[in-house]
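Accompanying notes for the structure given below.
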Amino acid sequence: MTCFSSADESAHYGFSVCMLLEHYRSQLRWEENGVVELGTGDATAISDVVRSLPELRVRSFDISASSVEAARANIAAQGIADRYTVEHGDFFDQADEAGGPPVTTVISNPPYIPAPDRDILMPELWGGVRGNDLVLQLLKAGYDD
């Protein structure tokens, strides 16, 4: 599996997340409990958000070893590794297992390309037959925000 990276998509996603976190700061309580991210990619989008919101802590998960490696390098280069951590593994298996504050705010820009299988030009963007497999799984997980 490769690491998907798109400057335009990262900029749009990062801006959207930053606006949501700032606007709904009191409702989401992310300063208290942090944020969990499903699918780190190369961390470009959210590392910019972490840099711009000094109170923000993000714990991220990615199943792609190359994505985790790229993300950790980008995060270290930006000097925010103390507030943005990346774990190699399945978010759905690990997000609630580490103890600490409960997960209440989850962010994600999951794979979204619909196709019968991963045999597509960019398999890292395969989102299932309808393109929404991970979105549906995330919604069914029962997180508050």
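The values are calculated or read from the model by the stated rules, or taken from the named source; none is laboratory data. These numbers were taken from a predicted model, which means no experiment stands behind them. Using ideal geometry, Cβ is built from the backbone for each residue, glycine included, and neighbour counts are taken over all protein chains shown.
Of everything in segment 39-63, what is acidic (D, E) and in contact with a Cys (Cβ under 9 Å, 6 or more places away or on another chain)? Give them in sequence order.
Selection gives D42, D48, D62.
Can you list the helices (runs of 4 or more DSSP H) found entirely within segment 1-87 that contain at least 1 residues being touching a His at 6+ places or on another chain (Cβ under 8 Å)?
Qualifying helices (runs of 4 or more DSSP H): 65-78.
Given A95, A45, A115, A70, which one is at pLDDT below 70, of a type outside the set (D, E, K, R) and buried (at least 18 other Cβ atoms within 10 Å of the Cβ)?
A95
Is there a residue being at pLDDT 90 or above, more than 19 Å from L134 (Cβ to Cβ) and of a type in the set (A, V, I, L, M, F, W, C) anywhere in segment 29-36?
Yes, that holds for at least one residue.
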